[in-house]
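The values are calculated or read from the model by the stated rules, or taken from the named source; none is laboratory data. Just so it is clear, the model here is predicted, and its values are computed rather than measured. Counting neighbours? That spans all protein chains shown, and the Cβs are built from the backbone with ideal geometry, glycine included. The accessibility values were calculated without ligands, DNA or RNA, using every heavy atom of the protein model including side chains. Shrake-Rupley method; radii C 1.70, N 1.55, O 1.52, S 1.80 Å.
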Amino acid sequence: MDDSNPTTPFILSRSSSSAAELLQVYPPPSTQSLDDIIHRYVGDFNWKLFLQAVIVSIAWVFDAQQTFISVFTDADPTWHCTSPHGCDSTISNMCDLAKDSWAWDLSKHTSIISEWDLQCANSLISGLPASAFFMGCLIGGILLATLADSWLGRKKMLFFCSITMAMSSLLTTLSTNIWQYSLLKFINGFGRATIGTSALVLSTELVGKKWRGEVGVIGFFFFTFGFLSLPLMAYLNHGNSWKNLYLWTSIPTLLYCVLIYFFVCESPRWLFVRGRKEEAISILKQFAVRAPLPVDPNLITSEPPFVQEYSAGNMNLYSAIKILLERSWSRKRMVTVMIVGFGIGTIYYGMPLGLGNLSFNLYLSATFNALSELPASLVTIFLIGRLSRKISILIFSTMSGICSVLCVVFGKSSMSLEIGLELVSFFSACTAFNILLIYTIELFPTCVRNSAISMVRQALVLGGVISPILVAAARTNGDFWSYGVFGIAIGVCGLFVVGLPDTRDTMFCDTMEEEEYKVMRLTSDFVN
């Protein structure tokens, strides 16, 4: 099927291969698939797999904490007048007042704004640390994503990113100015970039398609717990140094790194694709709860010819990205999910950062936002096996966009209405985010899956990069520059999902050729 053909379906083979040629070159395998091998050893699911998934998914707790910690450490503290002449804390701009006519309500060490006298700094300066964090996530995702597919593997990548994030967070407590702080936030974001990706891929690659969605959602619950822990820690730290929050979150992350090193196993799918079949079978045996059924030795000692392309000797550092982008169908899928991800990311990362602009209590609004992640995860579990992925994403992204815009239009008329619309918008974005990650796992084969997930997360993070600037602009120019722009972005970008295929109840593919064969077989059946 030629790429130039305007009637070509959205899923395409390489330009050198027609559907018929591909079906001839890669006929239905006479041996069993890797899914069948995994099922023979471990079944659909068992308690050992559940324990592995839980340990891996704990990484999401620390991911959430470092993502949203700036909501409290970089917040604008409240202040009061110390002189009755020409000072009114409800209407006056502190920057127009004499320094001896006002004071902070709490210790100046409660926020970086008060500690480093940034209350009158340009919005680009005060928003620099949050933007630096997301920029670190963006660059880290681009540079590190392919390592988990081509060389380092899922487990080692999870360990490396976790310890990098933990150490940079710990060193943040030694910052003495905004520039040191921003640099360490950049490093922190760089390390955090692929934690969620590695945890999600590692936890889902060991289970069959029946439980794939449910296992993937485990991480979302831990992310909710991590987000929810921040308002509690910030409340307990009320009036004390902002550095305590970084200390309290970095030490448990270091302890978790020890857990990863000793108790987490590598993905057998990745090992198989890399040509390390003996290690893959060994890991599968560790998770077996019963003696495995007989397996054809030829299936273990030999591999399909197209797997050789992805073996250790044939892949360099960035081969995964090359493989992902060299085929038109995968390029189109990748660009589409990244556009959708960008729109979701503007609200998912931007709304919590903009809570300080609302008239509602910061601690309560952050708690409510964190709690909204929980029903989002429950809804994801309910819908993941019942409704089309793209229809779900379309519904929730549209709902999120509408509520975000309505928050600007009607929010000022009622504090309750404002926070209600904000919560519905954030809940919808969280649900769309959860479904999009699982959807992306199913759209791409094992050889490029980690890279694809990372690219989507980087698109989400790109929305997070611009969010602090929009939030800072909204403080002086009105809420449209935050919630209004957020709503338009997610509403428009969410529409692109209609061009993607549905993947519900489909098997994982391990190579690009397997994915092409599956699509061409479906296309051939449809034509016939």
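Would you mind telling me which numbered condition in (1) of a type outside the set (F, W, Y); (2) assigned to a helix (DSSP H, G or I); (3) in contact with a helix residue (DSSP H, G or I) (Cβ under 7 Å, 6 or more places away or on another chain); (4) within 26 Å of M233 (Cβ to Cβ) S359 fails?
In the conditions (1) of a type outside the set (F, W, Y); (2) assigned to a helix (DSSP H, G or I); (3) in contact with a helix residue (DSSP H, G or I) (Cβ under 7 Å, 6 or more places away or on another chain); (4) within 26 Å of M233 (Cβ to Cβ), S359 misses (2) alone.
Checking the conditions here, which among S162, S198, S203, S169 is over 26 Å from A452 (Cβ atoms), under 23 Å from the mean Cα position of the chain (by Cα) and assigned to a helix (DSSP H, G or I)?
It is S169.
For the stretch 487-495, does any single residue satisfy the condition of being open to solvent by less than 40 Å² (accessible area, probe 1.4 Å) and within 15 Å of G354 (Cα to Cα)?
Within the stretch 487-495 (the criterion being open to solvent by less than 40 Å² (accessible area, probe 1.4 Å) and within 15 Å of G354 (Cα to Cα)), the answer is yes, since at least one residue qualifies.
For L299, all conditions in the list (1) modelled with pLDDT under 80; (2) surrounded by fewer than 14 Cβ atoms within 10 Å (Cβ to Cβ); (3) not in a loop (DSSP other than H, G, I, E, B) hold save one; what is the number of the exception?
Unmet for L299, out of (1) modelled with pLDDT under 80; (2) surrounded by fewer than 14 Cβ atoms within 10 Å (Cβ to Cβ); (3) not in a loop (DSSP other than H, G, I, E, B): (2).
One residue is enough: does the stretch 497-520 have a residue meeting the conditions surrounded by fewer than 21 Cβ atoms within 10 Å (Cβ to Cβ), modelled with pLDDT of 80 or more and not in a loop (DSSP other than H, G, I, E, B)?
Yes, the conditions are met somewhere in the stretch 497-520.
Just give me the residues in the stretch 349-387 being buried (at least 16 other Cβ atoms within 10 Å of the Cβ) and small (G, A, S), in sequence order.
Of everything in the stretch 349-387, those that are buried (at least 16 other Cβ atoms within 10 Å of the Cβ) and small (G, A, S) turn out to be G350, G354, G356, S365, A366, A370, S372, A376, S377.
Consider L255 carefully, then state whether it is open to solvent by 80 Å² or more (accessible area, probe 1.4 Å), farther than 15 Å from T67 by Cα and in a helix (DSSP H, G or I).
yes
Under 6 Å between Cβ atoms, which residue pairs at least 6 apart in sequence (or on different chains) link something in the stretch 390-418 that is within 20 Å of D502 (Cβ to Cβ) with a partner that is outside any helix (DSSP H, G or I) and open to solvent by less than 20 Å² (accessible area, probe 1.4 Å)?
Filtered contacts from the stretch 390-418: K390/L500.
Sort out which residues of the stretch 141-189 are polar (S, T, N, Q), surrounded by fewer than 18 Cβ atoms within 10 Å (Cβ to Cβ) and either more than 19 Å from Y256 (Cβ to Cβ) or without any contact (Cβ under 8 Å) to a residue 60 or more places away in the chain (or both), and write them in order of number.
Those that are polar (S, T, N, Q), surrounded by fewer than 18 Cβ atoms within 10 Å (Cβ to Cβ) and either more than 19 Å from Y256 (Cβ to Cβ) or without any contact (Cβ under 8 Å) to a residue 60 or more places away in the chain (or both): T176, N177, Q180.
For the structure I just gave you, tell me whether L138 is under 18 Å from G463 (Cβ atoms) and either of a type outside the set (K, R) or open to solvent by less than 10 Å² (accessible area, probe 1.4 Å) (or both).
yes
Show me the helices (runs of 4 or more DSSP H) entirely contained within the stretch 1-111 in which 2 or more residues are modelled with pLDDT under 65 and buried (at least 19 other Cβ atoms within 10 Å of the Cβ).
Correct list: 19-25.
Which of the residues belonging to the stretch 419-449 are open to solvent by 10 Å² or more (accessible area, probe 1.4 Å) and either among the hydroxyl-bearing types (S, T, Y) or without any contact (Cβ under 8 Å) to a residue 40 or more places away in the chain (or both)?
G420, L421, V424
Are any residues in the stretch 225-246 at pLDDT below 90, open to solvent by less than 10 Å² (accessible area, probe 1.4 Å) and either within 25 Å of I441 (Cβ to Cβ) or of a type in the set (S, T, Y) (or both), and if so, which ones?
Within the stretch 225-246, F227 is the sole residue that qualifies.
Within the stretch 307-325, count every residue that is open to solvent by 80 Å² or more (accessible area, probe 1.4 Å) and either modelled with pLDDT under 50 or acidic (D, E) (or both).
Qualifying residue count, the stretch 307-325: 3.
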